[in-house]
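A short write-up of the structure that comes next.
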C-alpha cells in the first residue's frame, strides 16, 4: 500500500466507530469466515492478562453462555419443584381444615401444621370479628375489633398482602406473649377473604427465617384457605 492510500485508509478508519464495526459484523456474519487470515491475527485481552486468539475467545464466550444457561435451567427446575411442594402442602392443609368441626379444631390444625411446614417456633391467629356462638369467645384467637391488637396490627391488616421480616416488640408481645422475646422474624398474613378480618402469624427465633424479599404467592393462598375455614364460625354479617 503506497503512502497516499495508507493515509486515506487511516482517515477512513478514524471515521468508523466501534458501533459501526459491530453493526457491520452483525450484518455480515460470514465476513470473518471469508477472511481467515484476519481471524488468526486478531488478539483479545484475556482476564488473566494474556492475549488469546479470537477463536479461543469466542469458544470461551460460548462456554460461559452455556454455563449461565445451565444455571438458569437449574434454577427454573428448582423453583418448579418448590412450587409443586408448596401446592401439595396447601392442598393437604385444606383437606385437614375441611375435616374440622369447630373453630378450636381449626386453630389447632393451623398451629400444628404451620409450625411443622415453616420450621417455626410459634404460630398465632387473631380474628377481629364476633364468633357465631358465645362459647367461642373463650378462644384466645377471637379478639374484639377495637382491641389493642387490632390497632397495633392495623398497617398489616390494611395492606391486604402478606408481610415478612423482623417482628417488632409490640407485635411480638400481642401475638405471642411477653415470654417469647427470642422470636425475631415472622410472616404475617392478613385474612381478608369473604370479609373475614384477621391475621395469621408464623414466627421464628432465626432472624433470617422470614425475609422481606421472600415470595408471598403461597402465603396469599394460605390466607385465603384459612379465611374460608374460619368464616363458617363467624356471625352472618362477618362471614357473608
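Just so you know, all these numbers are worked out from the coordinates, no wet-lab data involved. Worth saying up front: this structure is predicted, and the values here are computed from it rather than measured. Cβ atoms come from the backbone with ideal geometry, glycine included; neighbour counts cover every protein chain shown.
Report, as a whole number in µm² per second, the diffusion coefficient that Stokes-Einstein gives for region 83-203 at 20 °C and 1.002 mPa s using the Kirkwood radius over alpha carbon pairs.
Numbers: Rh = 15.1 Å.
In µm²/s, the coefficient rounds to 142.
At 25 °C and 0.890 mPa s, what whole-number value in µm²/s does Stokes-Einstein give for the translational diffusion of region 145-192, with Rh from the Kirkwood sum over Cα pairs?
219
Both the radius of gyration and Dmax for region 157-240 are 13.6, 40 Å, in that order, over alpha-carbon atoms. Each peptide in 133-142, 181-190 receives the mean, over its residues, of other Cβ atoms within 10 Å, and ordering these scores from highest gives 181-190, 133-142.
Sorted fewest first by neighbouring Cβ atoms within 10 angstrom, 117, 75 come out as 75, 117. One decimal place: the segment residue 181-residue 19 gains 52.3 nm when fully extended, by the rule 0.36 nm per residue minus the C-alpha distance.
Among 154, 231, the ranking by other beta carbons within 10 Å of each residue's beta carbon, starting with the fewest, stands as 154, 231.
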